[in-house]
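K.L.:
Pasting a structure here, questions to come.
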Amino acid sequence: MGPRMRGYWFMTWLGLVANLLALPAIGVLAFRPDSSAGFQATNISLAFSLAWPATIVGIVACAGLLAQRGWGVILAIVALSMSLAGSLPYGIVRLAMGAQPAVGLWSVLLAVLHVLALIYWCRSEHRRGGRL
């Protein structure tokens, strides 16, 4: 096994815990009655089409990362990209419409965290050789 990568195990376990906590949180947030008109359908459609699939891919990615497989890094990049594709536009729209700006701000903050995680997982050290 080659040199250890800084933060590999921390990011892997953080991703696994975050994805496992996200599964029920997405359901609670998607199906709660929203005080702003028109967002309930948006929340439900984003939960089914993007949030839950990204979370499932993230859990499988963490399993691959824990097993130190190269495909785990690829799946982590895919899951983070899927989540980023939903959280950033959703947050911007919520902020622009002024409907519950705290929700929009949290969504944009989550997108920034996803960008930082993408920067970590896209480093060239992760693409060198077989086992990590």
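K.L.:
Looking at 88, 66, can you tell me which residue is farther than 23 Å from residue 25 by Cα and open to solvent by 40 Å² or more (accessible area, probe 1.4 Å)?
P.N.:
66
K.L.:
So which residues in segment 63-93 are under 19 Å from residue 48 (Cα atoms) and of a type outside the set (A, V, I, L, M, F, W, C), if there are any at all?
P.N.:
81, 83, 86, 87, 89, 90, 91
K.L.:
Name the one entry in 14, 105 that is in contact with a Lys or Arg (Cβ under 9 Å, 6 or more places away or on another chain), without any contact (Cβ under 8 Å) to a residue 24 or more places away in the chain and loosely packed, with under 14 Cβ neighbours inside 10 Å.
P.N.:
Residue meeting the stated conditions: 105.
K.L.:
Residue 56 versus (1) open to solvent by less than 60 Å² (accessible area, probe 1.4 Å); (2) under 12 Å from the mean Cα position of the chain (by Cα): which is the lone unmet condition?
P.N.:
Failed condition: (1).
K.L.:
Of all residues in segment 69-85 being more than 14 Å from the chain's Cα centre (by Cα) and in a helix (DSSP H, G or I), which is surrounded by the fewest Cβ atoms within 10 Å (Cβ to Cβ)?
P.N.:
71
K.L.:
Can you tell me how many residues in segment 32-45 are open to solvent by 50 Å² or more (accessible area, probe 1.4 Å) and modelled with pLDDT of 85 or more?
P.N.:
1
The values are calculated or read from the model by the stated rules, or taken from the named source; none is laboratory data. Not measured: the values here are computed from a predicted model. Counting neighbours? That spans all protein chains shown, and the Cβs are built from the backbone with ideal geometry, glycine included. Quick note on the areas: whole protein, heavy atoms, side chains included, nothing else; ligands and nucleic acids left out. Shrake-Rupley method; radii C 1.70, N 1.55, O 1.52, S 1.80 Å.
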